[in-house]
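Shown next, in structure tokens, is the structure this report addresses.
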Amino acid sequence: MNRRVRELSERFGIPREVFDRLAAIEDQETVFVSTPEVMEFDAVRPMRRGIRLARIYPYSLKPTTFGMQVLGREATRNVVDVSDEQAKLLINGGALSTDIEADNGFVLIRWQGFVVGVGFYKRPVLKSQIPRFRPVE
Amino acid sequence: MLTRKFPLAFVERYSRFIPDFDAFLDAMQRPLRRTFRVNTLKATRERTLDLLADLKPEPLPWYELGFSLSDGEGLGKRIEHFIGLIYVQEAASMAPPLVLRPQPGERVLDIAAAPGSKTTEMSAMMQNTGIIISNDPSPTRVRGLIGNVDRAGCLNVAVCRMDGVSLGRAVAGTCDRVLVDAPCSSEGTIRKSAQALDHWSVAAIERFPSIQKRLILAGYLALRPGGVMVYSTCTVAPEENESVVAHLLARQPEAEVQEATLPGLVMRPGLREWGRESFPEAVGRCRRILPQDNDTEPFFIALIRKGDSSPHPSPLGGGGERSEGEEAAGRGRWRE
């Protein structure tokens with residue numbers, strides 16, 4: 001298992017089996033994850049393989065919204081469950097003041113059992129890290 | 001009663017071969033229903049329908065994951081859409097992947113993929129396994145493709161930005177299935193936008209057959225012997241449909257056109273002649289989806305199998321070609 005993937009798996013308690021049939025590469029400070037067939041494809045060089053899982057910064061690893069939406073479903077740690085209104089606020093780039101059982105740092109925002117994206121928690125403020133793709137109403 | 005004014009040339013061309021022509025014109029002037037597809041990469045059909053119960057989705061009679069809405073206003077602004085539980089997609093556009101039937105673990109080429117509705121549909125059909133080589137040559141359109149692949153959670157997609165003909169050559173003889181959803185004059189979009197009718201002309205139609213013929217040959221080249229290809233367009237013009245398939249059959253006589261069927265979806269046979277051109281009998285096995293039959297856009301679908309004895313060219317390239325703008329899409333646009 002790629003060490004960056006292991007780091008994410010450990011922070012969020014995502015079972016390692018989730019990544020068992022996947023492959024990961026690091027390219028330009030980004031971790032990509034995909035099926036092994038996608039990583040092994042070499043007839044041409046694709047501009048994108050699979051999904052961006054995380055950005056690598058000098059002192060942190062920042063999980064991506066879309067990577068966590070698909071691979072964070074089984075997370076058991078550092079996850080925040082939110083209401084409809086809170087989900088909309090965070091998707092639209094807002095922040096919440098909340099006291100939750102989570103370590104400071106990146107957390108997963110979960111609505112109705114689905115990961116909607118990533119937030120940054122510094123007690124008591126949860127700040128959205130979700131890209132402002134389009135407004136949600 | 002017609003509320004839109006159809007050009008005389010449009011009426012003259014299509015009244016010659018479209019059955020129930022008045023019903024066709026009537027359907028072409030009606031706005032499309034909003035339709036969407038449940039993305040099983042993210043949730044089960046039942047769970048998603050539970051969340052969308054307030055919209056009262058109506059199932060399409062021919063696809064268990066396709067639904068229509070009487071009022072789809074604001075669908076794209078719902079959380080369910082943001083997290084990829086659903087993909088807003090015209091109903092007829094869901095048909096080509098269903099006819100192609102990609103299987104888990106296969107290698108599939110989607111040669112003209114943007115914005116990605118069919119790539120993401122096939123990804124779900126393949127249960128996020130194997131590989132879909134999803135290509136579009138346009139930098140702008142490929143950005144949308146990547147955005148949709150991300151939102152749908154497709155881990156089995158390699159996005160390329162190449163000329164489709166070069167890509168077909170590079171993966172020659174290696175693909176289990178190929179989708180050539182060709183760029184076309186998009187007459188089907190008349191139901192989405194009145195402006196599409198304003199821009200309609202025979203000259204606009206004549207711009208497309210050349211690239212369509214190159215793409216269908218490239219797609220065929222990419223197939224392994226015994227592999228299966230779907231050629232589709234969202235247009236009515238025979239020059240962009242039956243003529244293109246006939247061109248393939250003339251160049252690759254071992255190509256076999258098969259009848260596409262989707263239980264519950266009414267499809268009509270392909271034409272055997274157009275203007276001065278006569279098409280081989282096999283072209284009659286192509287299928288036309290007409291708007292009056294299923295309340296959709298018009299669509300054309302040809303299901304083609306590569307003969308087992310077809311020459312099996314070696315893949316070219318071997319890493320030599322590079323798709324432009326590697327991982328450029330989205331940079332600066334996403335706050336991640």
In region A:67-81, is there at least one residue being touching a Leu at 6+ places or on another chain (Cβ under 8 Å) and farther than 21 Å from residue B:43 by Cβ?
yes
If you go through region B:134-148 one residue at a time, how many are among the aliphatic types (A, V, I, L, M), closer than 25 Å to residue B:38 by Cβ and within 16 Å of the chain's Cα centre (by Cα)?
1
If you check every pair at least six apart or on different chains, which have Cβ atoms under 7 Å apart with a residue in region B:194-210 that is at negative phi and surrounded by 13 or more Cβ atoms within 10 Å (Cβ to Cβ) first and a residue that is in a loop (DSSP other than H, G, I, E, B) and of a type outside the set (A, V, I, L, M, F, W, C) second?
B:194/B:4; B:196/B:186; B:197/B:4; B:200/B:7; B:204/B:185; B:205/B:185; B:208/B:183; B:208/B:185
For region B:3-89, give me every one of the helices (runs of 4 or more DSSP H) that falls completely inside it and has 1 or more residues that are under 25 Å from residue A:133 (Cα atoms) and within 14 Å of another protein chain (Cβ to nearest Cβ).
B:45-51, B:79-82
It is to be established whether one or more residues within region B:96-104 are hydrophobic (A, V, I, L, M, F, W, C), modelled with pLDDT of 95 or more and out of contact with any Phe, Trp or Tyr (no Cβ under 8 Å at 6 or more places or on another chain).
yes
Give the residue, chosen from B:49, B:69, that is touching a Leu at 6+ places or on another chain (Cβ under 6 Å), within 27 Å of residue A:89 (Cα to Cα) and not assigned by TED's automatic domain parsing to the domain that holds residue B:124.
B:69
From the list B:15, B:93, exactly one residue is free of Cβ contacts under 8 Å to residues at least 24 places away in the same chain and hydroxyl-bearing (Ser, Thr, Tyr). Which is it?
B:15
Set B:185, B:193: member being at pLDDT 90 or above and either among the hydrophobic types (A, V, I, L, M, F, W, C) or assigned by TED's automatic domain parsing to the domain that holds residue B:131 (or both)
B:185
For residue B:284, the lone unmet condition from (1) outside any helix (DSSP H, G or I); (2) farther than 21 Å from residue B:185 by Cβ; (3) not aliphatic (A, V, I, L, M) is (1)
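This table checks each residue for (1) buried (at least 21 other Cβ atoms within 10 Å of the Cβ); (2) farther than 21 Å from residue B:28 by Cα; (3) at pLDDT 95 or above.
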{"position": "B:71", "(1), (2), (3)": "no, no, no"}
{"position": "B:82", "(1), (2), (3)": "yes, yes, yes"}
{"position": "B:85", "(1), (2), (3)": "yes, yes, yes"}
{"position": "B:92", "(1), (2), (3)": "yes, no, yes"}
Scan region A:115-125 residue by residue and report those that are surrounded by fewer than 20 Cβ atoms within 10 Å (Cβ to Cβ) and either part of a loop (DSSP other than H, G, I, E, B) or not hydrophobic (A, V, I, L, M, F, W, C) (or both).
A:122, A:123, A:124
If residue B:112 satisfies all but one of (1) closer than 28 Å to residue A:132 by Cβ; (2) assigned to a loop (DSSP other than H, G, I, E, B), what's the number of the condition it fails?
(1)
Hits in region B:135-166 (condition: farther than 19 Å from residue A:114 by Cβ and part of a helix (DSSP H, G or I))
B:139, B:140, B:141, B:142, B:143, B:144, B:145, B:146, B:164, B:165, B:166
In region B:91-109, what residues are on the phi < 0 side of the Ramachandran plot, outside any helix (DSSP H, G or I) and out of contact with any Pro (no Cβ under 6 Å at 6 or more places or on another chain)?
B:91, B:102, B:103, B:104, B:106, B:107, B:109
Hey, does region B:241-256 have a residue that's part of a strand (DSSP E or B), hydroxyl-bearing (Ser, Thr, Tyr) and surrounded by fewer than 22 Cβ atoms within 10 Å (Cβ to Cβ)?
no
Under the condition of being basic (Lys, Arg) and either without any contact (Cβ under 8 Å) to a residue 60 or more places away in the chain or more than 9 Å from chain A (Cβ to nearest Cβ) (or both), which residue from region B:151-192 is farthest from residue A:32 (Cα to Cα)?
B:191
Given the criteria surrounded by fewer than 24 Cβ atoms within 10 Å (Cβ to Cβ) and closer than 28 Å to residue B:291 by Cβ, does residue B:141 qualify?
yes
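The values are calculated or read from the model by the stated rules, or taken from the named source; none is laboratory data. It should be emphasised that the depicted structure is a prediction, and the values quoted were computed from it without experimental measurement. Quick reminder, even Gly has a Cβ in these numbers, built from the backbone with ideal geometry, and neighbours come from all protein chains shown.
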